[in-house]
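Below: one structure, written as structure tokens.
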Amino acid sequence: MHKILILTGLIIALFSAAAYSIVLNKINIGKEIDMGDKKVLIAYYSYSGNTENVAKKIQVVTKGNIFEIVPKKAYSKNYDEVVALAQEEKQKNLRPELVDNGNVKD
Ligand SMILES: Cc1cc2nc3c(=O)[nH]c(=O)nc-3n(C[C@H](O)[C@H](O)[C@H](O)COP(=O)(O)O)c2cc1C
């Protein structure tokens, strides 16, 4: 009985590993994508670093230009304050002033 369970487990593990590697290849994780003559700009704003990490991964894969959008006045680290400000900006359709981060090259 134990042998059958172990064998079944091994077969499932093998199929899972194969499926995982097929998925990784299909979505090209970490591999450079040939963008041809297309220009890629990755412009991002990141409050706590998650979007920045994703933007950097996209840059590695696409070899595009990366541009960080930085507000002149940093958002508060206090959750309630930043939520209140975000709601106000949304309701009044406000756009925060941004740091001049220079131009991205063509
Ligand atoms: C003030 C604040 C409000 C958020 N509100 C939401 C939300 O309504 N829905 C959601 O899915 N995530 C919400 N999140 C989570 C962020 O969207 C999530 O952590 C995201 O990865 C942050 O990206 P960043 O690290 O680039 O700033 C909120 C995060 C913060 C700090």
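What follows is calculated from the coordinates using simple rules that are stated; it is not laboratory data. Values in this document were obtained by computation on a predicted structure and should not be read as measured data. Note that we place each Cβ from the backbone using ideal geometry, even for glycine, and neighbour counts take in every protein chain shown.
Observations
- For residue 57, the lysines whose Cα falls under 24 Å of its own Cα, not counting residues fewer than eight places away in the same chain, are 26, 31, 38, 39, 105.
- For residue 69, the shell of other residues with beta-carbons less than 15 Å away shows a net charge of -1, using +1 for Lys and Arg and -1 for Asp and Glu.
- In straight-distance terms, cross-link reach from residue 72 covers every one of the aspartates and glutamates whose alpha-carbon lies under 19 Å from its own, apart from those fewer than eight places away in the same chain; here that gives 52, 81, 88, 89, 97, 100.
- 12 Å beta-carbon shell around residue 46, net charge (K/R +1, D/E -1): -1
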